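Nothing in this text is a laboratory measurement; each read-out follows from the coordinates by a stated rule. All values reported here derive from a predicted model rather than from experimental measurement. Here the Cβ is made from the backbone with ideal geometry for all residues, glycine too, and neighbour counts use every protein chain on show.
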Amino acid sequence: MPDLTPADAGHQPSRRTFLAVGAAGIATLGLTGGLAGCADDAEPGKTAAKTPARGVTPDVAVATAALEAIRATETAVQATQARYPGIRSQLMDLRQMHRAHEATLVNAVPDRARTSASPAPYAVPRKREAALRALKVKEQRLHTALDGLALRAQSGDFARLLASMGAAVDQRLAGWV
């Protein structure tokens, strides 16, 4: 990130700028290439026990876990939107955020480290209010998982990227409908 000069002192970089810088940091780590997610029944902050490919670096394993967690949560948002079309617009920001996070990470994981499994289907509760509560819990678990993964990251740039993703999820939760 550029140094702030006195003329720029009041300017804060946008989240996009921060994510782009983080993505560039990932590229400099040699992470060129999805992530293990939280199972719905998993303890918050714990990732599903999946064996990463042999010979991957710890940060690639962390990136793989983060990508899978994001994909699983995005699948839940998508399924909830499909079941309750009336709330589609309320959830669009979540989907866009998850897609942006996925796009940032997908190229960070080499093909040999990617898992082939797609996210498990998400069972949307039958009542709208229950569906929104369940989705909020899913988002909270993603936030916790990203924060935990940020702590496991060995690269400072990568840790900051994951932490910013967790913070973005937290911001969305703060404005939850």
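Numbers at a glance
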| read-out | value |
| --- | --- |
| HN-Hα J in Hz across segment 120-125 - Karplus 6.51, -1.76, 1.60, θ = phi - 60°, x for Gly and Pro | 5, x, 9, 8, 7, x |
| W176-Q90 pseudo-label distance in nm [points 7 Å out on the Cα-to-Cβ vector] | 1.2 nm |
| Ordering of 146-154, 167-175 by burial proxy (mean other Cβ atoms within 10 Å per residue, highest first) | 146-154, 167-175 |
| Neighbour-count order for S89, S164, fewest beta carbons within 10 angstrom listed first | S89, S164 |
